[in-house]
Structure formats: structure tokens, C-alpha cells
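> For reference, the structure I am asking about is given below.
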Amino acid sequence: MNKEARVQFVINTLKELYPTIPIPLDHKDPYTLLIAVLLSAQCTDVRVNQITPILFAKADNPYDMIKMSVEEIKEIIRPCGLSPMKSKGIHGLSHILIDKHDGKVPQSFEALEELPAVGHKTASVVMSQAFGVPAFPVDTHIHRLMLRWNLSNGKNVVQTEKDAKRLFPRELWNDLHLQIIWYGREYSPARGWSLEKDIITRTVGKKSLIEEATKKEEATKKIVK
């Protein structure tokens, strides 16, 4: 199977598994999405979705957010980790949105990445999920699976994003990045990975990876017996 066929198999399988694609982070508008994505750095989406209702009950817009102190924000978001940095970022970007963008989240990568604590991945998520602009945010799941599927060399997320954008049609980027995330969580996790369950890797993955995983699973079955 050549690379083009492997890419098409990935697209077709993901579309079949996820015809409708849930958004991992709960939000109601671009601002609440921006805050939720910022909080998700080194934190699970489940935990973020537990904390954001508490935060947004007090402030779901930049005007109310700056009425809170950094310390107050930090106490609420502490369970998400990195709370000192994230609380300063949330407070600081809320000020900038008011001062420079009339309280609205800007619709450009450049303007988003100028905001405190907002990197390229966060900007990409907001651009794709809030504004429908084609983007391919790469998280740990996508980085891992692009390597497993032999579609990227896995050196870094920058290269993985370039490879994903080069291989997949632009009009599918916004759906695909979410479909791959869900697939990674359900069928191809970092831990407790089963090749038997992971149909995409089993079909298009690196031969060396498949052989190694097959040997491990066979050895495990012998031990169980």
C-alpha cells in the first residue's frame, strides 16, 4: 500500500468511526474556548471541563475576568496544573482583548499568538473550532499516531504538523485533527495499546512497529495461558 492509499484508508476509517465529531472542550463562544484550550495544557480535557463551569460562572467574558485578581483565578484553576502561569495568562490576555480587540477574540493566527500564554497549538484550535479556518493543531495523540502510521518521522510537533498538512486535504483538516484525537484515545493510546484493537495502525503502520507489537502480544498470550 503506497502512502496515498494509506492516507485515504486513514480518512475513510476515521469518517466511518466518527461521522459526527464531538468537541472535546466545553465552551459557548470563542472566548470561553480560548480559555478552555489554554487550561488544557498538560491537563486532561475531562478535568478542564470540570473546572471551566466554576470559572465561567464568575467570568465568561474578558470584562468580568479582569475584575477578578490573578490570585482568585489561580485558586479556581489550580486543579488544571500550571496555575501560576495560566492565571497570569488569562488575566493578561483578557486585558489585551479589551484594549486592542474591543473585547473580542481576534480571528488571525498572528493576533492570537501575540496573547500571553497562547502558543501556535492553542491559536490553531481556536481558529479551527471557533472560526472554521482550516488548521491542524497537533497534540500528543496526533503526534504519536502520525508516527505509528508512518506518515511522519516523529521528530517534533512542528514537523508532524507540516506532514499532516501536506498529506491530508485542506478541507478535511478541521475534522481530521479531532477525529485523530478521539481515535488515539479510544483505539491507539500511549499506554495499554493493543494492536488488535487498533485497525489503522494494524493496516498502515510501520512494519517494525507492527512486528514488535505482535511479538509482545503473542508473548503476553503465552504467559496468560
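The values are calculated or read from the model by the stated rules, or taken from the named source; none is laboratory data. Just so it is clear, the model here is predicted, and its values are computed rather than measured. Counting neighbours? That spans all protein chains shown, and the Cβs are built from the backbone with ideal geometry, glycine included. All accessible areas refer to the heavy atoms of the entire protein, side chains included, with ligands and DNA or RNA removed. Shrake-Rupley method; radii C 1.70, N 1.55, O 1.52, S 1.80 Å.
> Percent of accessible area on segment 166-221 owned by carbon and sulfur, 1.4 Å probe?
Of the solvent-accessible surface of segment 166-221, carbon and sulfur hold 52 percent.
> If eta is 0.890 mPa s and T is 25 °C, what Stokes-Einstein diffusion coefficient results for segment 144-225, Kirkwood Rh from Cα pairs, in µm²/s? Could the numbers behind the result be given before it?
On the way: Rh = 13.8 Å.
Translational diffusion coefficient: 178 µm²/s.
> What are the aspartates and glutamates whose alpha-carbon lies under 12 Å from the alpha-carbon of Lys197, with same-chain residues fewer than 8 places away excluded?
Within reach: Glu186, Glu217.
> Quick check: from the Cα gyration tensor, does segment 75-138 come out rounded (a/c under 1.5), prolate or oblate?
oblate
> Share of segment 1-103's accessible area from carbon and sulfur, percent, 1.4 Å?
54 percent
> Starting from the Cα of Lys162, step 7 Å along the direction of its Cβ; do the same at Thr214; then give the gap between the two resulting points in nm.
Reported label-point gap for Lys162 and Thr214 is 3.3 nm.
> Continuing with this model, one more query. Taking the 0 to 90 degree range and rounding to the nearest ten, how far is the long axis of helix 45-58 tilted relative to the main principal axis of the chain, both from C-alpha atoms?
Long axis of 45-58 versus the principal axis of the chain: about 10 degrees.
> Please calculate how many Å² of accessible area the chain carries per residue, with a 1.4 Å probe and no DNA, RNA or ligand atoms counted.
Heavy-atom accessible area per residue stands at 53 Å².
> Obtain the nm distance between the two label points defined at Arg202 and Glu110 by a simple spin-label model: each point lies 7 Å from its Cα along the Cα-to-C-beta direction.
4.9 nm
> So, in Å, what gap is there between the alpha-carbon centers of segment 98-131 and segment 23-92?
Taking the Cα centre of segment 23-92 as reference, the centre of segment 98-131 is 15 Å away.
> Sorted from largest down, give the three principal axis spans of the alpha carbons of segment 54-111, whole angstrom values.
Projected onto the principal axes, the Cα atoms of segment 54-111 cover 30, 21, 15 Å.
> Which one, (i) 18.3; (ii) 19.0; (iii) 17.7, gives Kirkwood radius over Cα pairs in Å as derived from the coordinates shown?
(ii)
> Given N residues in segment 113-182, what is its alpha carbon radius of gyration divided by 2.2 N^0.38 Å? It would help to have the intermediate numbers written out before the result.
Details: Rg = 11.6 Å, N = 70, 2.2 N^0.38 = 11.1 Å.
Expressed relative to 2.2 N^0.38 Å, the Cα Rg reads 1.05.
> Still on this structure, I have one more. Rg over Rh of segment 25-76, using C-alpha atoms and the Kirkwood radius, what does it come to?
Value, to two decimals: 0.93.
> With every protein chain present, what accessible area does Thr122 have (1.4 Å probe, heavy atoms only), rounded to the nearest 10 Å²?
The value for Thr122 is about 20 Å².
> Among residues other than Lys207 whose Cβ falls under 13 Å from its Cβ, what is the net charge (Lys/Arg +1, Asp/Glu -1)? Before the final figure, lay out each step's value.
On the way: positive: Arg6, Arg148, Arg202, Lys206, Lys215; negative: Glu211, Glu212.
Local charge sum for Lys207: +3.
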